[in-house]
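Trainee: Input: one structure, supplied below.
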Amino acid sequence: MPSDPHDAVLAKVAAALTPAMHAVGAMECAVAVLKQEIPHYSWVGIYLVDGDELVLGPFLGKPSPHTRIPLGRGICGAAATEKRTIIVDDVNADPRYLACSIDTKSEIVVPILQGTRVLGEIDIDSDKPAAFGAADRKLLEAVGALLAPRLAANPPGSG
Ligand code: SME
């Protein structure tokens with residue numbers, strides 16, 4: 001049976017997350033591995049839920065103007081409120097889209113869940129149209145599952 005194209009990337013993320021690593025370090029590691037390993041991931045970041053907003057945490061790529069996003073806005077807000085992964089093949093055709101870079105063509109947003117509670121989300125933009133599919137969803141949902149216990153145990157800002 002052919003292996004999933006992203007299995008090796010998931011293994012690298014899992015190996016990078018050492019037991020002593022706290023939430024911010026774990027998020028930084030995951031972002032770094034994803035950005036490095038997958039060429040079509042042009043911007044990789046993690047937003048954290050803070051009250052009724054999403055707050056930008058670790059990211060790699062061009063600085064985003066959207067460092068705080070109300071839960072009701074953007075593709076990021078939609079994924080958090082609907083508690084499901086959203087893939088957008090053409091961001092310019094989606095009225096929810098909040099532009100981060102004029103080069104971005106497609107986006108995937110994956111909630112980081114602890115049970116039914118949304119702790120944050122992984123947001124990835126690509127300069128390629130329709131860059132994201134089932135393999136990306138599977139990889140990023142698995143990375144979210146690796147991060148969730150760390151975010152729940154020592155959320156950023158908890159000292
Ligand atoms: N495009 C996102 C905003 C975040 S930037 O992509 C970094 C959205 O529509 O919610």
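The values are calculated or read from the model by the stated rules, or taken from the named source; none is laboratory data. Model, not experiment: these values are computed from the prediction. We place every Cβ from the backbone using ideal geometry, glycine too, and count neighbours over all the protein chains shown. What goes into the accessible areas is simple: the full protein's heavy atoms, side chains included, and nothing from ligands, DNA or RNA. Shrake-Rupley method; radii C 1.70, N 1.55, O 1.52, S 1.80 Å.
Trainee: Accessible surface of LYS83 in the full protein assembly, 1.4 angstrom probe, to the nearest 10 Å²?
Mentor: Taking all protein chains as shown, LYS83 has close to 100 Å².
Trainee: Next question. Can you show me the helix-derived [θ] at 222 nm for the chain, built from DSSP H runs with n ≥ 4 at -39,500 (n - 2.57) apiece and divided by the number of residues, rounded to the nearest 500.
Mentor: -11000 deg cm²/dmol
Trainee: Under 8 Å for C-alpha pairs, at least 6 residues apart: give me the relative contact order for the range 1-128, rounded to a whole percent.
Mentor: Relative contact order comes out at 22 percent.
Trainee: Another one. If you wrap a convex hull around the Cα atoms of the range 1-132, how much volume per residue is inside, in Å³?
Mentor: Taking the convex hull of the Cα positions in the range 1-132, it is 124 Å³ per residue.
Trainee: Contour minus end-to-end for LEU60 and GLN114, with contour as 0.36 nm per residue of separation and end-to-end as the Cα-Cα distance?
Mentor: Full-extension gain reported as 17.0 nm.
Trainee: Rounded, prolate or oblate for the range 1-50? Axes are the square roots of the Cα gyration tensor eigenvalues, ordered a ≥ b ≥ c, and the cut-off for rounded is a/c under 1.5.
Mentor: oblate
Trainee: Right, here's the next one. Might you tell me the accessible area per residue for the range 1-85, computed with a 1.4 Å probe and given in Å²?
Mentor: Per-residue value: 51 Å².
Trainee: Under 37 °C and 0.692 mPa s, how fast does the range 69-159 diffuse according to Stokes-Einstein, given a Kirkwood radius computed over C-alpha pairs? Answer in µm²/s, whole number.
Mentor: For the chosen part, D equals 242 µm²/s.
Trainee: Looking at this model, which pairs from LYS83/LYS138; LYS83/LYS128; LYS35/LYS128; LYS105/LYS138; LYS62/LYS128; LYS62/LYS83 are more than 18 angstrom apart at the alpha-carbon?
Mentor: Long pairs (Cα-Cα over 18 Å): LYS83/LYS128; LYS105/LYS138; LYS62/LYS83.
Trainee: Lys/Arg Cβ at +1, Asp/Glu Cβ at -1, dipole of the chain taken about the Cα centre: which of GLY133, ALA152, ALA16 is farthest positive-ward?
Mentor: Farthest along the dipole direction, towards plus: ALA152.
Trainee: Positive end of the charge dipole of the chain (Lys, Arg +1 and Asp, Glu -1 on Cβ, about the Cα centre): tell me which of SER64, ILE124, ILE46 has its Cα farthest that way.
Mentor: Final value for the positive-end residue is ILE46.
Trainee: Please get the size of the charge dipole for the range 83-144, origin at its Cα centre, with Cβ charges of +1 on Lys and Arg and -1 on Asp and Glu, quoted in debye to the nearest 20.
Mentor: Here the size comes out at about 360 debye.
Trainee: Roughly how many percent of the accessible protein surface of the range 16-159 is carbon and sulfur, given a 1.4 Å probe and a whole-percent answer?
Mentor: 56
Trainee: Distance from a point 7 Å along Cα→Cβ of ASP50 to each backbone N in the range 58-76: keep the residues under 14 Å and list them by number.
Mentor: Counting backbone N atoms under 14 Å from the label point, the list is 58-59, 66-71.
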